[in-house]
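The values are calculated or read from the model by the stated rules, or taken from the named source; none is laboratory data. Treat the numbers as computed from the prediction; the structure is a model and nothing was measured. Note that each Cβ is placed from the backbone with ideal geometry, even for glycine, and that neighbours are counted across all protein chains shown.
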Amino acid sequence: MSIRTDLLTHLTQELAGSSIRVSTELPYDSGGKPLHEKNMKVLYLADSDIRHTELFNTLNGPDVIQIETNIQAYCTVDAKNPPADVSDMVTAVILSKNVILNHHIMECGVITSQTEDRLTYSFQYRFVTI
Amino acid sequence: MAYIAVNSAGDFVRLDINASGSFANANAAMAQTANVMTVPALQDVTVNATPGLFRWKQLDALSEYVVTTPSTNSVALTIVLDDTTFFTGANSTPGLFTITNNKTLTYFRLYWKGSDSGDRYVEGEGYLTALAPTVTPDAPVWTTPLTIEVVGNFVTGVK
């Protein structure tokens, strides 16, 4: 399974019963507005950005290749009345990095931004393997 | 003039070793192909062929005098560890770790640029030293320096 699929599966279980729902849709724009802003309290995971870079160059091949996967996730809530369990959602999303096996770097960070009455959590996953 | 570029597949540097027993010379050891092991994933190779020097000064001369003493010959390299060549080996040639551990005399042949007919090589016999495998979280693949301390002369040849 892909990293995105594993994260979706885990987060769907982890956030079941909370006020945040997990969508399987990609966070595309609808009517000029990002889907996560249109549908608040829904967590969207974007598709993976994958990069193969050379960790060790060798004279007689094969080179050692490092595979880095970046995934972004978004969730928007009402800034005036955020759900009581929004911090639980943030913790669950950040800790979900640990379900991805066979990677020696598993990172996840979050940035919040406010637009009008909407508070958006933008998560950035980073996974690295050889 | 032709530069010795090694950046294409047919021109790769290649290091073969045979530590399966005693041979008359490296050429004979390389002929026993079943026990010849190619060391993969070379990161850098340095061939050191350095004559020793003895210098002295005289009161009746404006410059130093020098004579040569026996050469110190070695091949220094860095490799990315491969399970088979590091531990298992090839038939009667053990893995690099065992060769080093047992201080086994090793015959080697280093191709400068490709290993097809007509390609040049340098060969000889020596002992594997300076093995120091290392790994870090930022570079999570084992690598190690390795030096072949050459016994006697290098021998150059063409395949």
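Quick one: which residue in A:TYR125, A:TYR121 is in contact with an Asp or Glu (Cβ under 9 Å, 6 or more places away or on another chain), away from every other protein chain (no Cβ under 14 Å) and hydroxyl-bearing (Ser, Thr, Tyr)?
Details: A:TYR121 fails: in contact with an Asp or Glu (Cβ under 9 Å, 6 or more places away or on another chain).
Sole residue among the options that is in contact with an Asp or Glu (Cβ under 9 Å, 6 or more places away or on another chain), away from every other protein chain (no Cβ under 14 Å) and hydroxyl-bearing (Ser, Thr, Tyr): A:TYR125.
Remark: A:ALA79 matches the filter, which requires a residue to be touching a residue at least 12 places away in the same chain (Cβ under 8 Å), more than 14 Å from chain B (Cβ to nearest Cβ) and either surrounded by fewer than 18 Cβ atoms within 10 Å (Cβ to Cβ) or under 30 Å from B:ASP44 (Cα atoms) (or both).
Candidates are the residues of segment B:1-53 that are in contact with a Lys or Arg (Cβ under 7 Å, 6 or more places away or on another chain), more than 11 Å from every other protein chain (Cβ to nearest Cβ) and part of a helix (DSSP H, G or I); the one that is surrounded by the fewest Cβ atoms within 10 Å (Cβ to Cβ) is B:MET30. I'd like the residue in segment B:134-159 that is outside any strand (DSSP E or B) and within 14 Å of another protein chain (Cβ to nearest Cβ) and, out of all such residues, is nearest to B:ILE99 (Cα to Cα). Among residues in segment B:134-159 that are outside any strand (DSSP E or B) and within 14 Å of another protein chain (Cβ to nearest Cβ), the one nearest to B:ILE99 (Cα to Cα) is B:TRP142. Just a yes or no: is a residue in segment B:93-104 small (Gly, Ala, Ser) and part of a strand (DSSP E or B)? Scanning segment B:93-104, I find no residue that is small (Gly, Ala, Ser) and part of a strand (DSSP E or B), so the answer is no. Just wondering, is there one or more residues in segment A:35-43 that are within 30 Å of B:PRO137 (Cα to Cα) and either within 11 Å of the chain's Cα centre (by Cα) or within 14 Å of chain B (Cβ to nearest Cβ) (or both)? No, segment A:35-43 has no match at all.
When A:GLU25 is tested against the conditions (1) surrounded by 15 or more Cβ atoms within 10 Å (Cβ to Cβ); (2) modelled with pLDDT under 95, the lone failure is (1). Note on segment A:46-70: among residues that are within 13 Å of chain B (Cβ to nearest Cβ) and among the polar types (S, T, N, Q), the one that is farthest from B:ASN7 (Cα to Cα) is A:GLN66. Consider segment A:1-58 and keep the residues that are among the aliphatic types (A, V, I, L, M), out of contact with any helix residue (DSSP H, G or I) (no Cβ under 9 Å at 6 or more places or on another chain) and in a loop (DSSP other than H, G, I, E, B). The one that is farthest from A:ASP88 (Cα to Cα) is A:MET40.
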